[in-house]
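Chemist: This is the structure, below, for whatever I ask next.
The values are calculated or read from the model by the stated rules, or taken from the named source; none is laboratory data. Remember, predicted model here, so these are calculated numbers, not experimental data. All Cβ positions, even for glycine, are placed from backbone atoms using ideal geometry, and neighbour counts span all protein chains on display.
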């Protein structure tokens, strides 16, 4: 009886995890926007304009895919936007150092 219950719980957990992956990438989009904002505030527009622009382009691509409900692509682009914005923030931070 416990083995059957355990299998049911594991199956439910797996289905829940898959459903979370299939849904809109809300957290990833938020993370990308926050990273871009932080990079802008740190002066990335001056010190790393190319990286910042790439981050914005990736976020824009993610937003377009989100509108089309292409969630996996949107998630990938949002993560790329965050990665590029984080790199722009790093560059801006290094450029602002004495």
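Chemist: Go over the candidates 79, 56, 69 one by one and state the one that is modelled with pLDDT of 95 or more, exposed (fewer than 14 other Cβ atoms within 10 Å of the Cβ) and either in contact with a helix residue (DSSP H, G or I) (Cβ under 7 Å, 6 or more places away or on another chain) or not in a helix (DSSP H, G or I) (or both).
Modeler: 69
Chemist: If you check every pair at least six apart or on different chains, which have Cβ atoms under 8 Å apart with a residue in region 85-98 that is under 13 Å from residue 35 (Cβ atoms) first and a residue that is at pLDDT 90 or above and surrounded by fewer than 18 Cβ atoms within 10 Å (Cβ to Cβ) second?
Modeler: The qualifying pairs are 85/38; 89/38; 92/43; 92/46.
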